[in-house]
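The next block holds one structure in the form of structure tokens; read it before the comments.
Bear in mind these aren't lab numbers, they're just calculated from the coordinates by the rules spelled out. Quick caveat: nothing in here was measured; it's all calculated off a predicted structure. Cβ coordinates were reconstructed from backbone atoms using ideal geometry, including for glycine residues, and neighbour counts include every protein chain displayed.
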Amino acid sequence: MKRTNWILSGLLVVFVPASLAWGEPAQSKQPEKTPKVELPTVVARAVKDNVPNAEIDKMDVEEESGIKLYDIEFKNGKGEIEIAQDGTVMDVATIIQMKDVPKPAADAIQKAVVDAQAKIKQLERSEVRAELRIEGGKGKIVKLAAVKYVFEAELVKGEQTGEIQVSPDGKIVEALKWGAEEKESGEKEEKAAPKKKP
């Protein structure tokens with residue numbers, strides 16, 4: 001009987017720790033699910049209407065002059081969208097190739113690349129549908145009568161990334177700015193691009 005108890009005790013000692021050890025890796029090997037993003041109904045509807053079947057990759061919510069803006073990036077090269085809290089689509093950005101950029105805009109982007117000694121990481125065409133204007137210290141969303149297009153180039157130089165925005169006719173809408181590491185709040189600290197020496 002003592003021998004049987006010893007064998008049973010030995011089996012329990014072996015099987016209990018083994019089952020605990022086997023339980024841990026099985027849990028950590030389960031695929032991670034993308035957390036579901038909660039959006040206000042009007043914002044979710046605007047996403048669905050403008051970028052159907054797109055899956056959200058990243059989202060930043062910023063407040064500018066009392067207006068919440070949802071800046072949403074999609075997976076698999078589906079671009080970005082910015083939507084105001086009332087569901088107004090501010091702009092829709094589509095990832096494009098250089099051949100899709102009008103020549104004057106392409107020339108301005110290429111000049112920025114050469115001047116900065118950088119490379120193009122990604123190009124986007126933004127379809128601007130509304131703008132945020134400040135009136136009496138408060139933000140007001142103004143829908144544009146006609147869509148404006150802006151071409152944005154994300155540049156890379158070493159560990160830095162920067163962005164420049166140009167109009168279809170090649171005018172600089174937003175000068176090249178190099179972004180620093182993201183802060184915990186999700187905001188990027190930006191600094192102006194270095195000026196070219198004469």
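In percent, how large is the relative contact order of segment 41-130, given Cα pairs closer than 8 Å and 6 or more residues apart? The value is 23 percent.
So what is the diffusion coefficient of segment 91-161 in µm² per second by Stokes-Einstein at 20 °C and 1.002 mPa s, using a Kirkwood Rh over Cα pairs? Write out the running numbers ahead of the final one.
Values: Rh = 13.9 Å.
For the chosen part, D equals 154 µm²/s.
Footprinting exposure proxy ranking of Thr41, Thr88, fewest other C-beta atoms within 10 angstrom first, gives Thr41, Thr88.
Taking only C-alpha pairs under 8 Å that are 6+ residues apart, what is the relative contact order of segment 41-192 in percent?
Values: 308 pairs, mean separation 24.7, N = 152.
Answer for segment 41-192 is 16 percent.
For segment 41-192, what percent of Cα pairs sit more than 20 Å apart? Intermediate values should be presented prior to the final figure.
On the way: 6148 of 11476 pairs.
More than 20 Å apart: 54 percent of the Cα pairs in segment 41-192.
Counting every other Cβ atom within 10 Å of each residue's Cβ, Phe151, Phe74 order from fewest to most as Phe74, Phe151.
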